[in-house]
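A short write-up of the structure that comes next.
The values are calculated or read from the model by the stated rules, or taken from the named source; none is laboratory data. Because the structure is predicted, anything quoted here is derived from the model rather than measured. Quick reminder, even Gly has a Cβ in these numbers, built from the backbone with ideal geometry, and neighbours come from all protein chains shown. Side chains are part of the model used for accessible areas, which takes the heavy atoms of the whole protein and leaves out ligands, DNA and RNA. Shrake-Rupley method; radii C 1.70, N 1.55, O 1.52, S 1.80 Å.
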Amino acid sequence: MLQPIRPVIRDGDLYLPGVDLWLDPANSRPTAFVSHAHADHIRSRHGSVLCTPQTAALVRLRIRKFRATTLAFHQPVQRKGYTIRLISAGHIFGSAQLVVESPHWRFVYTGDFKMTESLTCEPAEVVPADCLLMESTFAHARYSFPPVTDLRQRIVDFAAQTLAQSKTPVLLGYAIGKGPELVRILQLGGVPVVAGSEVMRAVHVYSRFGVPFDSVDTWWGRRPHAALVTTPHAWARTIRNREEWRVALATGWATDQPTFDSLQYDAMIPLSDHADWPGLWQYVEQAKPRETYVIHGQAWPFARALRAKGYEARALLTEDDQQP
Ligand SMILES: [Zn+2]
């Protein structure tokens, strides 16, 4: 008889007993599921890794010899008597949720996810879950992002207006995820784009898997007659004279009070790759979990909010959450 899958914290990482699988572990583990290619989800060498082919290709941009067992979305595989499959998380290109099933029990781990549509990744899929393990990065009512179509227009307007002032617009975001998304938004808005080398490498991987981009030139440090999409790090290390540029940062944290850091940008645009407060609830209402475990960000308050609505819910703290 297969035991129902429920997550536990073991030595600081998320672990699924029964199917014997570690979830996005920070420490080196025998068998790890890696939900997506952001650097904070693949920091150690593992005995074997399960992820999507897109995630493996993106991780190889950083770790050349990265080896993984890849699983396309919806392709089932058996492990310890359980059926495992991956479904889209809608977070970034290749991001996956993990579904582990036995005859009378379905466990789902969302990884990072968002419910709004994207121009560069498949939308999140929601399946009914007996046991749900979900992230809660933006689990507070103050995080309710504007419609994504409005945000795209804001990005295109920012770039077009800056170019009209004979200045150069710069859109900053992570190389994987936000960067290629910004390139697509600008291209569809009719704005010429160049991209920093890290963003370009991601764009090439996306293109190989069929995401349609118009041609993009690589930025080599000169001021282009186009919008520039690059990472905050590459930008800070290259540009000294800020006069001729206007800089926007795309981040879900843009809805927070301005901080010393955020004041260095000319605009903050709350384009996020995570679910906002309504998105988190939308997910839960569709998945209808019998039991919910919450990780990251606002795990305690969100678990409490779920319980107040009649859900059985508790927060789990990983090693990362415990660090100051
Ligand atoms: Zn991520």
Task: Failed item in (1) under 20 Å from L14 (Cβ atoms); (2) open to solvent by 20 Å² or more (accessible area, probe 1.4 Å); (3) in a loop (DSSP other than H, G, I, E, B); (4) out of contact with any helix residue (DSSP H, G or I) (no Cβ under 8 Å at 6 or more places or on another chain), with E125 passing the rest - done: (1)
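Yes/no matrix, rows are residues, columns are (1) assigned by TED's automatic domain parsing to the domain that holds D40; (2) surrounded by fewer than 17 Cβ atoms within 10 Å (Cβ to Cβ); (3) farther than 18 Å from A37 by Cα:
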site	(1), (2), (3)
Q161	no, yes, yes
P169	no, no, yes
A175	no, no, no
G196	no, no, yes
H204	no, yes, no
D214	no, yes, yes
D217	no, yes, yes
T231	no, no, no
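Looking at the range 59-81, is at least one residue open to solvent by less than 10 Å² (accessible area, probe 1.4 Å) and within 16 Å of the ligand (Cβ to nearest atom)? Write out each step before concluding.
Of the residues in the range 59-81, the ones open to solvent by less than 10 Å² (accessible area, probe 1.4 Å) are 59, 71.
Imposing the further condition that a residue be within 16 Å of the ligand (Cβ to nearest atom) reduces the set to 59.
Scanning the range 59-81, I find at least one residue that is open to solvent by less than 10 Å² (accessible area, probe 1.4 Å) and within 16 Å of the ligand (Cβ to nearest atom), so the answer is yes.
Look through the range 234-255, keep the residues that are of a type in the set (A, V, I, L, M) and in a helix (DSSP H, G or I), and return whichever of them is farthest from the chain's Cα centre (by Cα). Give the derivation first.
Step one: list which residues in the range 234-255 are of a type in the set (A, V, I, L, M), which gives 234, 236, 239, 247-250, 254.
Narrowing further to those that are in a helix (DSSP H, G or I): 234, 236, 254.
Values: A234: 20, A236: 23, A254: 16 Å.
Across the range 234-255, the extreme among qualifying residues is A236.
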TODO: State all residues of the range 9-30 that are open to solvent by 20 Å² or more (accessible area, probe 1.4 Å), over 21 Å from the mean Cα position of the chain (by Cα) and not hydrophobic (A, V, I, L, M, F, W, C); if no residue qualifies, say none.
DONE: R10, D11, P17, G18, D20, S28, R29, P30
